[in-house]
Amino acid sequence: MEILSSPQQPDLLTNHEVMTLLTSNLAPPKSKKKPVSKKNQPNTKSPPPSAFQTSALTYLTSLPPPLSPLSLLRTLSSPKYSLEKTEIIQLVNLLPDNLPLLNVVLPEVEERFEEGVGEEILEVVKIARGKEK
Amino acid sequence: MFFLSTIADTLRINPSIFGTGDTSSIISAINAKYPQKVIMDLGLVISLYDILRVGSSLIHPADGGAHFEVVFRVVVFKPFCGEVVKGRVRNCTREGIEVSLEFFEKIRIPYYNIFSPNRFVEGKKRSEGKWVWDDHENDGDVVSDESDREELAITKGDLISFSVDSVQFTGKNYSVKGVHTLEISSTNDDKIKMPTRKRSQSFDKGMTWEEGGGLKKAEDSTFTTTCEMEILGSMKEDGLGKNDWWEAEEEEEGEEEEVET
């Protein structure tokens, strides 16, 4: 086994993307074919959904995802905010609704941004979270 | 928290599933081997993402299976240092708080990384203990009886936010003389390689110690050495802990502003 990608610069995924992947993996296959006789047929069935992946999906569905994660990602990625990739991922995953939590996700908000930008980001996240309700 | 990692590996496909003409057998082989496995310095593999390339197959003497060289991507779980994660409290002890993410449970917040000032309150049962954040300066005091006042407490089952302090990997090898640690790696510290003595090749090469005793030949040398991952968290900054604490504080500030106006 050899790891080809660099762990220092990984391709990050949001919780919503992983949830979508696991949901498609664990969904039962749709087959309209008639059942074929099992005699002399190779065993091509995929392994049953593992309890591990089911528990991962349970955890991800317990956290409220944004209704439109792509639009939220585009908004937060705009040059206006100059956010790091890791900060954007955390904002999409956590959907912070208070300033103290935002200050943990975006360190030194008051020094990095102009006055009011922190509240603006909170409002953007609130809209993304509120649309779902 | 999750990222993609590209891996190249040689997978063995059983002769019983030859002739399918698609990649389902390779997908099955990957799904049987990788999910729920911890790879040293990389993280916990969650699921296969996609297959990038399937090389030509090789058949070894005295082995009817075909060996394919496959390059694929997997979804890996490993939060980065400083990342804020939400989890549910599994247990509160005097040593700290144990947190669970349903699929991963080796997360702990040591007592020295919990908000201060704090105190640990023992419950009637060992699992009913709780950590309390209060204004009084009595760090580390153990109080057996709690007073009837509204307190900021964390108990078993609470949903909390915490920041990741470090991620630790421990490599273990099961050999004839038992389990010994090969390597400890942490995202904050340098790697610590444990000293190993030279052994007879017949003992260690391709052999593993079976649980319950006895030697067995390792089916796959990749996971002869097991690896465990542990996450250490911190809850010292404002905004972490239970979400209710900070929402209530903001509502109070809003009411104060209304009164002033």
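The values are calculated or read from the model by the stated rules, or taken from the named source; none is laboratory data. Nothing here was measured: the structure is a model prediction, and the numbers come from that model. Cβ coordinates were reconstructed from backbone atoms using ideal geometry, including for glycine residues, and neighbour counts include every protein chain displayed. Quick note on the areas: whole protein, heavy atoms, side chains included, nothing else; ligands and nucleic acids left out. Shrake-Rupley method; radii C 1.70, N 1.55, O 1.52, S 1.80 Å.
When you scan region A:50-133 for helices (runs of 4 or more DSSP H) that lie fully inside it, which ones turn up with 2 or more residues that are in contact with a Phe, Trp or Tyr (Cβ under 7 Å, 6 or more places away or on another chain) and under 22 Å from B:SER234 (Cβ atoms)?
Details: elements: A:51-62, A:69-76, A:85-94, A:99-105, A:109-112, A:117-130.
Where helices (runs of 4 or more DSSP H) fall fully within region A:50-133 and carry at least 2 residues being in contact with a Phe, Trp or Tyr (Cβ under 7 Å, 6 or more places away or on another chain) and under 22 Å from B:SER234 (Cβ atoms), they are A:99-105.
Looking for something open to solvent by 20 Å² or more (accessible area, probe 1.4 Å), within 20 Å of B:GLY82 (Cβ to Cβ), away from chain B (no Cβ under 12 Å) and of a type in the set (Lys, Arg) - is there at least one such residue anywhere in region A:112-126?
yes
Under the condition of being among the basic types (Lys, Arg) and not in a strand (DSSP E or B), which residue from region B:37-87 is least open to solvent (accessible area, probe 1.4 Å)? I'd like the intermediate steps shown before the answer.
So the first thing to find is which residues in region B:37-87 are among the basic types (Lys, Arg), and the list is B:37, B:53, B:73, B:78, B:86.
Cutting the leftovers down to not in a strand (DSSP E or B) gives us B:37, B:78.
On the way: B:LYS37: 71, B:LYS78: 43 Å².
Looking at residues that are among the basic types (Lys, Arg) and not in a strand (DSSP E or B), I get B:LYS78.
Can you tell me which residue within region A:72-101, out of those that are within 11 Å of another protein chain (Cβ to nearest Cβ) and over 23 Å from A:VAL18 (Cβ atoms), is most open to solvent (accessible area, probe 1.4 Å)?
If we take residues in region A:72-101 being within 11 Å of another protein chain (Cβ to nearest Cβ) and over 23 Å from A:VAL18 (Cβ atoms), then A:LEU99 is most open to solvent (accessible area, probe 1.4 Å).
I'd like the residue in region B:90-103 that is surrounded by 22 or more Cβ atoms within 10 Å (Cβ to Cβ) and in contact (Cβ under 8 Å) with a residue 60 or more places away in the chain and, out of all such residues, is farthest from the chain's Cα centre (by Cα).
Among residues in region B:90-103 that are surrounded by 22 or more Cβ atoms within 10 Å (Cβ to Cβ) and in contact (Cβ under 8 Å) with a residue 60 or more places away in the chain, the one farthest from the chain's Cα centre (by Cα) is B:CYS92.
Mind checking which pairs have a first residue in region A:107-123 that is not assigned by TED's automatic domain parsing to the domain that holds A:PRO96 and among the aliphatic types (A, V, I, L, M) and a second that is at pLDDT below 85 and not in a loop (DSSP other than H, G, I, E, B), Cβ under 9 Å, 6 or more apart or different chains?
Between residues of region A:107-123 that are not assigned by TED's automatic domain parsing to the domain that holds A:PRO96 and among the aliphatic types (A, V, I, L, M) and residues that are at pLDDT below 85 and not in a loop (DSSP other than H, G, I, E, B), there is no close pair.
Within the set of pairs 6 or more residues apart or between chains, which connect a residue that is away from every other protein chain (no Cβ under 13 Å) inside region B:33-59 to a residue that is among the polar types (S, T, N, Q) with Cβ atoms less than 8 Å apart?
Going by the 8 Å Cβ cut-off, the qualifying pairs are B:ILE51/B:THR23; B:VAL54/B:THR23.
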